[in-house]
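First comes the structure, then the notes that go with it.
Just so it is clear, none of the values below were taken in a lab; they were calculated from the coordinates. These numbers come from a predicted model, not from an experiment.
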Amino acid sequence: MTDYERYGDYQPSDRSTASTAITFLFIGLGIGALAALLLAPKSGRQMRKLLRRKYEDAVEQADDLLERGNQLLERGSEFAHTAKEKVKPFARAAAKHMR
């Protein structure tokens, strides 16, 4: 018995074709963006300065998002602690009635 007989004939899926097309689209977009940066009508010094500014802006935004995320986490923890403290008396009363 061959593998084809055991598992049936190979049938390519349509999803594979679509995902491959999307992958190549993004690769092409990335290559195009890189080529545009390299072939831009700016000098090397101007391009490096621009890239450095964009990088610093991106790092600053990432830091801001991290800080906001930490603040939300802290507020959520405080909210959960407060809710737990408010529910404790009811939980104790329910536990007494269950006995």
Distance from the Cα centre of the range 49-92 to that of the range 18-39, in angstrom? 34
Could you tell me whether the range 14-98 comes out rounded, prolate or oblate from its Cα gyration tensor? Rule is a ≥ b ≥ c as square roots of the eigenvalues, rounded for a/c under 1.5, then prolate if a/b exceeds b/c, otherwise oblate. oblate
